[in-house]
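Comments concern the structure below.
Please treat every number below as a calculation from the coordinates, not as lab data. In this text, all values refer to a predicted model and were calculated from it rather than measured experimentally. Every residue, glycine among them, receives a Cβ derived from its backbone with ideal geometry; neighbour counts consider all protein chains shown.
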Amino acid sequence: MVGGGRDAFIGAVHRHAMALDGRYELVAGALSSTPEKALASGRDLGLAEDRIHADWHALLADELKRPAGERIDLLVIVTPNHLHHEVALAFIDAGFHVACDKPLVHSSAQAEELAARVAARGTAFAVTYNYSGYPMVREARELVRAGAIGKVRKVIVEYHQGWLAGALEQSSNKQSSWRADPTQSGPGGALGDIGTHAENLLSTVTGLAIEQLCAELSSFGPGRLLDDDASVLLRLSGGARGVLLASQMAVGHENDLRLRVFGERGSLDWRQEDPNVLMHLPLDAAPRRLTRGSAGLSESARRGCRLPPGHPEGFIEAFANIYTELAADLQAGTRTGDYPRVTDGARGVRFVERAVASQGQWIAF
C-alpha cells in the first residue's frame, strides 16, 4: 500500500475491505509522504521492519530485489490524487498489478497513458469506485440489461454532502486541505471527489455513454479554488437525457448518493444511505421492493452478498466486493472480474475535464 497511514481515512477502509473475505494480507507499505509517519504507520500495522519504507521509490526498489515468489501481488494506491499517475505508472512498468482510488489521475493524457501501459503489460488494474460493488446496484444494472424497464429515457444521479459547507480547509483537517488544493486534487473539487462516483454509477447501471454535457460549477466557500457544487445536464447515447448533481455544501446531508433510472416501461430507484433496498416501479404493475439477499436476484447481486436477508451490509462490504473479484482474477490469471477498470477511471477523468471546460455551454464529451 502507498499512502493510507496515520490520520488517513480511506486507507483503513481499503484495509478493512481487503481483509473481509480473507483473500489478502498487507505485507509492505510506504504509508505516508512524511518518512517518519510512514515508518510509524507501518509499525502500527505490524508490518515486518524490512517491508516498511519511507517512500514509494524505496518500496518499489525493495520489491524488485526480492525473488519473484516473495514479491507483492498487488499495489494499492490511496494517496492524494496528484501522486496516482507517477506511482501507478512505475509499478505497472515493473509488472505489478494495481488498485487505485479515484479519481484516477489529473488529466486524460495521464489516464490514456496508464490505460495503454496496462494493455501492453497485461496487468490487472482496478479503480475503486466502491458503489458499483453494492449488490443492489448490480441488480439495477442487470434489470436494465434484461429490459425490465424498457429503453432508458432519463437518468438522475445525485450526490449530496454537507461537510464543506464551512471553511473546513482553513483548519487543520487533512482531508479537506488537500481536496481543496488544485495541485493535489486536480481540476475538480466536489466534481472530482464525488461527481466521478456519480458518473460511474450512472454509466455502470445504464450502460449509456455521455455524448454531450452542459455544466455549471460553483464555489460557495469563501476563497475556495475548486468547485464545491456541480450541476450537469447530460445527453446520453440512444437519445436518453440525464441530470448529475454533486455538492459538498448541502447542509444536513451526510453521504446522500441516489440514482433514479426512468425507462419506457418502468423505473428504478436506489439510495446509498439505504443500500440494501432497490425499488422497481413497473408501468402497469405494483411497485416492487427488492432487498439484498432475497430470492430471485441476479447471480451478480447474489455473489455480492455475505449475510442472510435482513442483516444489513454496506460501505465496507461494497469495497470488499471489488477487491474479492479482483483477487479471483489475480489468482486465476483472468481479467473477467466484476470491478471497475482503468478505462472506467479514464472516463471519469474525461468527465471532470469536459465539465470544467463547459462553463455553462453544451459541449461534446
Fill in the blank from the handout: Rg (one decimal) and Dmax (whole number) from the Cα set of segment 1-147, in Å, equal 16.2, 55
Fill in the blank from the handout: Candidate cut points under GluC sites (Glu not before Pro) in segment 1-69, DSSP loop plus at most 11 other Cβ atoms within 10 Å of their own Cβ, are Glu25
Problem - Cα-derived Rg over Rh, computed across the chain with Rh taken as Kirkwood radius - result: 0.96
Fill in the blank from the handout: Counted neighbours (other Cβ, 10 Å), sorted fewest up, put Leu244, Leu31, Leu290, Leu307 in the order Leu307, Leu290, Leu244, Leu31
Problem - DSSP-defined antiparallel bridges as percent of all bridges, the chain, nearest 5 - result: 70
Exercise for the section: Find the relative contact order for the chain and round it to a whole percent, using C-alpha pairs within less than 8 Å whose residues are 6+ positions apart. Expected result: 20
Exercise for the section: Name the residues whose placed amide hydrogens come within less than 5 Å of the amide hydrogen of Leu75, ignoring near sequence neighbours (fewer than 5 apart) on the same chain. Expected result: His97, Val98, Ala99
Exercise for the section: Take Thr336, Thr343, Thr128 and order them by how many other Cβ atoms sit within 10 Å, fewest up front. Expected result: Thr336, Thr343, Thr128
Exercise for the section: Positive end of the charge dipole of the chain (Lys, Arg +1 and Asp, Glu -1 on Cβ, about the Cα centre): tell me which of Ala28, Gln161, Leu259 has its Cα farthest that way. Expected result: Leu259
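As a footprinting exposure proxy, order Phe315, Phe91, Phe125, Phe9 by other Cβ within 10 Å, with the fewest listed first.
Arranged by neighbour count, lowest to highest, Phe315, Phe91, Phe125, Phe9 become Phe9, Phe315, Phe91, Phe125.
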Problem - Debye log10 I(q)/I(0) for segment 117-165, one point scatterer per Cα, at q = 0.19, 0.28 Å⁻¹ - result: -0.88, -1.09
